[in-house]
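Here is the structure we will look at.
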Amino acid sequence: MSILYLSLIAIVSAVVWHRSQRRFLLASALSAISATLLFELLTYVEAGSLDSFFMIASAFAFGLSFLISVAIGLLMRRLRE
């Protein structure tokens, strides 16, 4: 279920960043960073403490968020043209 939440956060973050930032890689990186931070913050609030594997979860969340952001960015670039 948490992968679904991460994916939804990453999609919203990607749309927001790719609309506000014209540089593709910068928008993708900022989107992945902000989605990862928001996801980790929400898991911390829900659990009440940091997970013992939060570094591994953060790396996974960043990778997935970056891939989603690149896909959304390519789609938005194609729709602009």
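Would you check if there is a residue in the range 36-47 being more than 18 Å from residue 3 (Cβ to Cβ) and in contact with a Ser or Thr (Cβ under 9 Å, 6 or more places away or on another chain)? No. Kindly indicate whether any position in the range 34-51 is in contact with an Asp or Glu (Cβ under 7 Å, 6 or more places away or on another chain) and part of a helix (DSSP H, G or I). Looking through the range 34-51, at least one residue is in contact with an Asp or Glu (Cβ under 7 Å, 6 or more places away or on another chain) and part of a helix (DSSP H, G or I). Do we have any residue at all in the range 26-38 that's touching a helix residue (DSSP H, G or I) at 6+ places or on another chain (Cβ under 8 Å), of a type in the set (Val, Ile, Thr) and surrounded by fewer than 18 Cβ atoms within 10 Å (Cβ to Cβ)? Yes, there is a match, as at least one residue in the range 26-38 is touching a helix residue (DSSP H, G or I) at 6+ places or on another chain (Cβ under 8 Å), of a type in the set (Val, Ile, Thr) and surrounded by fewer than 18 Cβ atoms within 10 Å (Cβ to Cβ).
Going residue by residue through the range 43-56, is there one that turns out to be surrounded by 14 or more Cβ atoms within 10 Å (Cβ to Cβ) and among the aliphatic types (A, V, I, L, M)? The answer is no; no qualifying residue exists.
Consider the range 3-25 and keep the residues that are of a type outside the set (Lys, Arg), part of a helix (DSSP H, G or I) and more than 13 Å from the chain's Cα centre (by Cα). The one that is nearest to residue 75 (Cα to Cα) is 24. For the range 26-70, a residue qualifies if it is under 15 Å from residue 16 (Cβ atoms) and touching a residue at least 60 places away in the same chain (Cβ under 8 Å), and exactly one does: 68. All told, residue 57 falls short of being part of a helix (DSSP H, G or I) and modelled with pLDDT of 95 or more.
The values are calculated or read from the model by the stated rules, or taken from the named source; none is laboratory data. Only a predicted model underlies this, so the values are computations on that prediction, with no experimental measurement involved. Glycine also receives a Cβ, built like all others from the backbone with ideal geometry; neighbour counts cover every protein chain displayed.
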